[in-house]
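Written out below as structure tokens is the structure these notes cover.
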Amino acid sequence: MKKRTKIIAGAVVAGVLAVLIVPRYLKPAETTDPAAPPVVRAEQPETGTITLYRELTGTVEPTDMVSVIPKLAGEVKEVYVKTGDHVQQGQPILTIDNKQLDSARISMETAQVNLNDAQTNLARMQALYASGDISAQAFEQSQSAASQAQLQYDAAKLNYDTQAEYTTITAPIAGVVESLDAETHDLISQSAPVCVITGGEGMMVKFSVPEKIAGGIVPGDPVLVEKGGSQYDGTITEVSAIVDASSGLFPVKGTVPGAQGLAAGTMVKLSVVSEKAENAMTVPVDTVYYEGGDAFVYTYEEGTIHKIPVEVGIYDGERAQILSGIDGSAMVLTTWNSELYDGAPAVLEEENSAGPAESQAPADSTSQTEQ
């Protein structure tokens, strides 16, 4: 009896184990779906201009600046202007006590009297010659005397005008008296300027650049001037082709029309074009990668990523110039993740966003067929 009971108990245990173990072997094996390809974004290269700037320092000066130097040494008799005054061209600035002016005036007046006498005598001799009362030789002598008197007067007047010009110093241009180094009773000479006058519209900036930059800028290029938090737009007007022996740099000039508020001689910070690429094929600068010093980009083509070596030109903070390696039709990846490599599968973001809508119709159709 006991043996029979043991057999029944063993059978029950075996049955339970069978119920627990057998289904595990009969259950179909689970399959793992392959990972979906990464979704990427890409864009075609653009045609544009990349301009690089170089920061330098320069000096602001007036467009026109004239140092007025006396043509006659002497004592200052009277001063008519002061520093900061606006003057017109030809306006008197000061006069010099010129003793020679009085002598020149007397000589001119004497020559004028002699000329009047000679002309009066010539008129009388002409009437006598016409009536036959004098010879032709006498008439010709009176003509010569009148001509000589005229020449003497012209010479005397020229000397007087010259002395008068030397005596009164006038403004050669219209503008502002920037400095005046003369007062009444001062002795001035012909070796030092008595004043400086600045004029013209706007201001100009002078600076110097190395040969590499000088070869890249031309008259007409922009120049940006900064001073005290203000910015002024200017234009390059002159790039010297001769290097300055003292600095080893090439002098450059530019006009800054809106900088009248800047004082002459002020040091300013400025930016000039150092390199420029026009009508260039460009891509976002962060889409260019480097490996061992060689540049490359990732492109997308028909669901596959390609690693393409490229030659890079100039670049700024946003765009890089591509000289070779790809053409304008290439789709350059603008995204990056660790799953990207040459030959990797990928899906464009635009195609991925359209995918569910396109796959929805077949799913619905299958479901209806099963019903």
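Below, the figures for the structure above:
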quantity: Failed condition for K253, given (1) in contact with a Lys or Arg (Cβ under 9 Å, 6 or more places away or on another chain); (2) in a loop (DSSP other than H, G, I, E, B); (3) not polar (S, T, N, Q); calculated: (2)
quantity: Flag if G215 is within 30 Å of P45 (Cβ to Cβ), surrounded by fewer than 17 Cβ atoms within 10 Å (Cβ to Cβ) and at pLDDT 85 or above; calculated: no
quantity: Output for segment 95-113, where each listed residue is hydroxyl-bearing (S, T, Y) and farther than 28 Å from L187 by Cα; calculated: T110
quantity: Count - residues of segment 316-351 that are touching a Pro at 6+ places or on another chain (Cβ under 8 Å), closer than 16 Å to I305 by Cα and among the β-branched types (V, I, T); calculated: 4
quantity: Selection count where residues are assigned to a loop (DSSP other than H, G, I, E, B) and either loosely packed, with under 15 Cβ neighbours inside 10 Å or hydrophobic (A, V, I, L, M, F, W, C) (or both), scope segment 259-293; calculated: 10
quantity: In segment 173-230, the residues that are among the charged types (D, E, K, R), under 25 Å from G58 (Cβ atoms) and not in a strand (DSSP E or B); calculated: E211, K212, D221
quantity: Qualifying residue in segment 191-211 (condition: closer than 30 Å to T266 by Cβ, touching a residue at least 12 places away in the same chain (Cβ under 8 Å) and of a type in the set (K, R)); calculated: yes
quantity: Residue that is modelled with the lowest pLDDT [pool: residues in segment 300-316 that are touching a strand residue (DSSP E or B) at 6+ places or on another chain (Cβ under 9 Å) and of a type in the set (D, E)]; calculated: D316
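Yes/no per residue for (1) on the phi > 0 side of the Ramachandran plot; (2) at pLDDT 80 or above; (3) in contact with a strand residue (DSSP E or B) (Cβ under 8 Å, 6 or more places away or on another chain):
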residue: G293; (1), (2), (3): yes, yes, no
residue: Y298; (1), (2), (3): no, yes, yes
residue: E318; (1), (2), (3): no, yes, yes
residue: T335; (1), (2), (3): no, yes, yes
residue: Y341; (1), (2), (3): no, yes, yes
residue: P356; (1), (2), (3): no, no, no
residue: T369; (1), (2), (3): no, no, no
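The values are calculated or read from the model by the stated rules, or taken from the named source; none is laboratory data. Quantities reported herein were computed from a predicted structural model and do not represent experimental measurements. So basically every Cβ, Gly included, is an ideal-geometry build from the backbone, and we count neighbours across all protein chains shown.
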